[in-house]
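See structure below.
Read-outs throughout are calculated quantities, based only on the coordinates presented, and are distinct from any laboratory measurement. In this text the structure is predicted, and so the values were computed from the model without any measurement. Every residue, glycine among them, receives a Cβ derived from its backbone with ideal geometry; neighbour counts consider all protein chains shown.
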Amino acid sequence: MTVLTLLIVGGMYGVPALNRWMGEYLEGYVPAGCRKPVDSYEQARKSSEAVRIPLLLGVAFEPGDESVTDQDIMNAYAEKRRLAGEAAGIALAKRDCFDAALVTQASRVESSPDTLAFVGMPSATGCSDGASSQSIGKSGACSHHGGVNWGSPWATMYLDSGAISAQQQQMPTMLIPAG
């Protein structure tokens, strides 16, 4: 009876522990001959993620963002795309080292434009109290009217529509591999 109890308790507690251990073990598993490409991919992906494109929806404002130009945004996009392209190129060259979802995402990155056509910058619509001002964009604009009322605080990136397929134009584009 004691042996049976041990088997039941071991089965209840031992199997989940073993599954957890195997999951952790397999999560770090890299097929033979894939360590270098996987490490190179991770380095390029992390470098791409580190490039911040200011004034985009979902990106926190930082000091200095008020003086960002459309060229700054275009340059940041091009650098982020270049680094993401490096990561994608590694994944596509060594498909057997990466899962199918990542390879699919890498294909999308490879086919995305290297540069932007143009950037629509945030624009002010007037003062917060409704007054108009010719001083918007200068220090002190609307200071006696509750500050500047921004129509949208976000920049809009426009891709060159000739560089992407009609199917891609209809779907959201994810440019950076998820980590």
Filter region 109-122 down to the residues that are of a type outside the set (V, I, T) and either surrounded by 12 or more Cβ atoms within 10 Å (Cβ to Cβ) or assigned to a helix (DSSP H, G or I) (or both) and list them by number. E110, S111, S112, P113, L116, A117, F118, G120, M121, P122
Checking the condition small (G, A, S), closer than 24 Å to S123 by Cβ and without any contact (Cβ under 8 Å) to a residue 40 or more places away in the chain, which residue from S67, S107 passes? S67
What is the number of the single condition among (1) hydrophobic (A, V, I, L, M, F, W, C); (2) touching a strand residue (DSSP E or B) at 6+ places or on another chain (Cβ under 6 Å); (3) in a loop (DSSP other than H, G, I, E, B) that A131 does not meet? (2)
